[in-house]
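Below is one structure, written out as structure tokens; the observations come after it.
Read-outs: derived from the displayed coordinates by stated rules, not from any lab. The shown structure was predicted, so the numbers you read here are calculated from the model rather than taken from an experiment. Heads up, the Cβs are rebuilt from the backbone with ideal geometry, glycines too, and the neighbour counts pull from every protein chain shown.
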Amino acid sequence: MLSAITGNWWAPVASGLLGIIVAVVAFVWPTRTFEALVLLVGVYAFVRGSIWLAFGLLAANARERWWPLVVNGIVGISLGVLAFAETQIMAVAMVSLIGAWAVLTGLLEIVAAIRFRQAIPNEFVLALGGLLQIAFGVIILLQPSIGAATMAVVFGLYAALLGVAQIWLGLQLKRMSGTVGRVNEALGSVAS
């Protein structure tokens, strides 16, 4: 499974770049309507959910623990679809949903950091990204009356920090991809 993940190192990098783009948009136009933020968050949730779902399917194919990745992916994709299908309703529910999703995703990333601590150097950065997501989620859940502009800035900060962590993870996976390939080749030659 590790070779499948390292071979797809570009996915966290793409997710991180998307997060940074979302952050820039949130910082440049914080006074735009909350509906626009709902749609922006919907795109972000859908893309991140798709990436996590893909990793879950790779894990299932490798007969590894797949369900946390798939659950995370389904939640993200569902939020993205709901943001476009029911924008007005989602605008009302978005604050609580964003907070709960961030807490869930943060917990799952901490679990992933613990699980891959032997394989990924400096896994604490992935865990730190998870902690940032949990902190963001708790802040949003405790302050649901936060204004749309403040929400945009807070979300932009969250997306920027998470984006940097995701890019770092992707680059670590890319660096590891050659090593994992050589280890797999060596194991294959020993087994034959």
Review point. For the chain, what does -39500 (n - 2.57) per DSSP helix run (n ≥ 4), summed and divided by total residues, give at 222 nm, in deg cm²/dmol to the nearest 500?
Key: -30000 deg cm²/dmol
Exercise for review: Express the C-alpha Rg of segment 25-103 as a ratio against the empirical globular expectation 2.2 N^0.38 Å, rounded to two decimals.
Suggested key: 1.22
Review point. In whole angstrom, and with the biggest value first, how far do the Cα coordinates of segment 2-180 range along each principal axis?
Key: 47, 26, 25
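Could you work out the Rg to Rh ratio of segment 50-93, with Rh taken as the Kirkwood radius (inverse of the mean 1/r over all Cα pairs)? Present the calculation step by step, with values, prior to reporting the outcome.
Numbers: Rg = 13.1 Å, Rh = 11.1 Å.
So for segment 50-93, dividing Rg by the Kirkwood Rh gives 1.18.
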Review point. If we restrict to alpha carbons, what Rg and Dmax does segment 88-158 come to, in Å?
Key: 13.9, 45
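Subtract the Cα-Cα distance of A93 and L157 from 0.36 nm times their separation in residues, and report this length gain in nm to one decimal. Intermediate values should be presented prior to the final figure.
Details: separation 64, 0.36 × 64 = 23.04 nm, distance 2.10 nm.
Stretched fully, the A93-L157 segment lengthens by 20.9 nm.
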**Study point:** In sequence order, calculated HN-Hα J values of segment 43-58 (Karplus, 6.51, -1.76, 1.60; Hz; x Gly/Pro)
**Key:** 4, 4, 5, 5, 5, 5, x, 4, 5, 5, 4, 4, 5, x, 5, 4
Study note, to complete from the structure: Counting all Cα-Cα pairs in segment 69-123, those more than 17 Å apart amount in percent to 48
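What FRET efficiency, computed as 1/(1 + (r/R0)^6) with R0 = 35 Å and r the Cβ-Cβ distance, is obtained for T179 and V71, rounded to the nearest 0.05?
Details: r = 30 Å, r/R0 = 0.85.
Using R0 = 35 Å, I get an efficiency of 0.75.
Can you sort W29, W10 from fewest to most other Cβ atoms within 10 Å of each residue's own Cβ? Each step should come with its number before you reach the end.
Details: W29 15, W10 12.
By the 10 Å Cβ count, ascending: W10, W29.
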Exercise for review: Quote to one decimal, in nm, the extra length available between A62 and V111 on full extension: 0.36 nm per residue of separation minus the C-alpha distance between them.
Suggested key: 15.8 nm
Check your understanding: So what does log10 I(q)/I(0) come out to for segment 11-58 at q = 0.19, 0.26, 0.27, 0.29 Å⁻¹, using the Debye formula with one equal point on every Cα and no solvent?
Key -> -0.63, -0.94, -0.98, -1.06
Exercise for review: May I ask you to evaluate 6.51 cos²θ - 1.76 cosθ + 1.60, the Karplus curve with θ = phi - 60°, for each residue of segment 104-115 and list the ³J(HN,Hα) values in order in whole Hz, giving x for glycine and proline?
Suggested key: 4, 5, x, 4, 5, 5, 5, 4, 4, 4, 5, 5
